[in-house]
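In what follows, a structure is listed as C-alpha cells, so that the remarks can point back to it.
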Amino acid sequence: MSLKEQFIAYLHSLQNTICFALAKADGKASFIEDKWERQEGGGGTSRVIANGNVFEKGGVNISVVEGALPETMQQLLGVTESDFFACGLSLVIHPLNPYVPTIHANWRYFELYDKKGTRLDCWFGGGSDLTPYYVFEEDCRHFHSTLKNAIAPFGAELYPQYKKQCDEYFANKHRDNEMRGIGGVFYDYLRPTNATDEERLLKFQQANGNAFLISYLPIVEKRKNTKYKARETEWQEIRRGRYVEFNLLHDRGTLFGLKTNGRTESILMSLPPRARWYYNYHPEEGSKEAEAMKFYKPREWV
C-alpha cells in the first residue's frame, strides 16, 4: 500500500478504538455515524456523541479529500495551480462536568501534485492539547508525560520542541497570548526525505494517535464524578468562549476546511454546545477560577 493508503487504514482503525473507549467511559451515550461526500472529491466519516453522562458533546471525525487546490490555499502555500490530497482524524471532546477537561487532537497527512499528477510535496502534522477548566497539576503532568513518552523513541529533542510549538500555537493572540488550556504537543510540515523516512513518520503518527486514550481516559475516570454547582458550570462556559474565539479566529485546520469547501457541520463540530461572554470579565481575586488563570501560559510539566 502507498503511504496515504496505510495512513487512511490506520485512521479508520483509530477512530473505531477511540469511539468504543469513550462510549464505554460515558456509559450512556453512543456515537452516531454520518458519512458524507465532497462534491469536488473525497468525503469522510463523522462520529458524534451528545448528551451523555460524561460527554456533553464530542466528535471523532475522519476526512479524506482531494481535488484542485483553491486559489486562497495556493497563495497560502506559495504555489501555482495544483491538486491536493488531505486526510486526517480530528477530535474534540467537551465533557459535561467542569472538572473534566476538554481535549482536542488531530493527526493528518497532506500531498500536493502538479497538474500531471506528479507528487510535488507531502507532509504530516498533528498533535494533542488539553483544556482544563480547573487545573489539577497531577493531571497535567500525566497528560504531558504520556505524550513525551510516546514521542521519545523518535528523538529526545522532539517533545520540548513540539510542546513549545503547541504553547505558541494554541494561544489567543488577541488576548495577550493567553493559552486556551495547558497545551500538549503540536507539529506540522514533517516532510519525509525518502521511503525509510516515510515509514518512520508513519510510525511517529501512529505512536501519537495510540497515546490519546492513555493520556486522557485516566483523567476522565478520576474527575467525572466530582460534584459541581452552577458556579463551576458558568466558569466552564466562560472558558469555552475562549475556545470558540481560538477556533474561529486562529485555527488553521478550521480555516483550511472552510476554504476548501469542506463539510461545515464536521468542521464546526469542535465548538462547544454552550459558551458565554461577559464584558471585561475577571475572576474574583483569590478564587479557584483566578487560580486556574495562572496556568494558561507556558510552563514545564515534565
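The values are calculated or read from the model by the stated rules, or taken from the named source; none is laboratory data. Just so you know, these numbers come straight off a predicted model, no measurement behind them. Ideal geometry is used to build each Cβ from the backbone, glycine not excepted, and the neighbour counts take in all protein chains shown. Ligands, DNA and RNA are stripped out before the accessible areas are found, and what is left, the full protein with its side chains, is counted by its heavy atoms. Shrake-Rupley method; radii C 1.70, N 1.55, O 1.52, S 1.80 Å.
Mind listing whichever residues of segment 42-63 are in a strand (DSSP E or B) and touching a helix residue (DSSP H, G or I) at 6+ places or on another chain (Cβ under 6 Å)? Passing the criteria: Ser46, Arg47, Phe55, Gly59, Val60, Asn61, Ile62. Residues in segment 170-216 that are part of a helix (DSSP H, G or I) and open to solvent by less than 30 Å² (accessible area, probe 1.4 Å): Asp197, Leu201, Leu202, Phe204, Gln205, Ala207, Asn208, Gly209, Ala211, Phe212, Ser215, Tyr216. Test Tyr159 against the stated conditions and say whether it is aromatic (Phe, Trp, Tyr) and either touching a Ser or Thr at 6+ places or on another chain (Cβ under 6 Å) or more than 16 Å from Leu190 (Cβ to Cβ) (or both). Here the answer is no, as Tyr159 does not meet what is asked. Inclusion of Phe7 among residues that are in contact with a Phe, Trp or Tyr (Cβ under 8 Å, 6 or more places away or on another chain), assigned to a strand (DSSP E or B) and not hydroxyl-bearing (Ser, Thr, Tyr) is not warranted. Just a yes or no: is a residue in segment 228-248 acidic (Asp, Glu), in contact (Cβ under 8 Å) with a residue 60 or more places away in the chain and either open to solvent by 80 Å² or more (accessible area, probe 1.4 Å) or assigned to a strand (DSSP E or B) (or both)? The answer is no; no qualifying residue exists. With the structure loaded, tell me whether Thr254 is within 21 Å of the chain's Cα centre (by Cα), closer than 30 Å to Leu3 by Cβ, surrounded by 13 or more Cβ atoms within 10 Å (Cβ to Cβ) and among the hydroxyl-bearing types (Ser, Thr, Tyr) or whether it fails that test. Answer is yes for this residue.
Restricting Ile18, Ile93 to residues that are at pLDDT 95 or above, surrounded by 15 or more Cβ atoms within 10 Å (Cβ to Cβ), at negative phi and not in a helix (DSSP H, G or I) narrows the list to Ile93. Return a yes/no flag: does segment 131-141 have any residue that is open to solvent by less than 10 Å² (accessible area, probe 1.4 Å), touching a strand residue (DSSP E or B) at 6+ places or on another chain (Cβ under 9 Å) and in a loop (DSSP other than H, G, I, E, B). Within segment 131-141, one or more residues are open to solvent by less than 10 Å² (accessible area, probe 1.4 Å), touching a strand residue (DSSP E or B) at 6+ places or on another chain (Cβ under 9 Å) and in a loop (DSSP other than H, G, I, E, B). Apart from one condition, Ser128 fits all of (1) among the polar types (S, T, N, Q); (2) open to solvent by less than 10 Å² (accessible area, probe 1.4 Å); (3) in a helix (DSSP H, G or I); the exception is (3). Picking from residues in segment 142-158 that are aliphatic (A, V, I, L, M) and either under 17 Å from Glu221 (Cβ atoms) or part of a helix (DSSP H, G or I) (or both), the one that is nearest to the chain's Cα centre (by Cα) is Leu147. Here Thr80 fulfils each of the conditions (1) out of contact with any strand residue (DSSP E or B) (no Cβ under 7 Å at 6 or more places or on another chain); (2) open to solvent by less than 30 Å² (accessible area, probe 1.4 Å) apart from (2). Look at (1) of a type outside the set (Lys, Arg); (2) modelled with pLDDT of 90 or more; (3) under 13 Å from the mean Cα position of the chain (by Cα); (4) under 27 Å from Asn149 (Cα atoms) and you find that Glu221 fails only one, number (3).
Only a single criterion out of (1) surrounded by 14 or more Cβ atoms within 10 Å (Cβ to Cβ); (2) over 14 Å from the mean Cα position of the chain (by Cα); (3) over 19 Å from Thr131 (Cβ atoms) is not satisfied by Ser266, namely (2). Restricting attention to segment 277-298, which residues are surrounded by 14 or more Cβ atoms within 10 Å (Cβ to Cβ) and assigned to a loop (DSSP other than H, G, I, E, B)? Pro283, Phe295, Tyr296, Lys297, Pro298, listed by residue number. Please work out if Asn51 is open to solvent by 30 Å² or more (accessible area, probe 1.4 Å), of a type outside the set (Phe, Trp, Tyr), modelled with pLDDT of 95 or more and closer than 25 Å to Glu232 by Cα. Yes.
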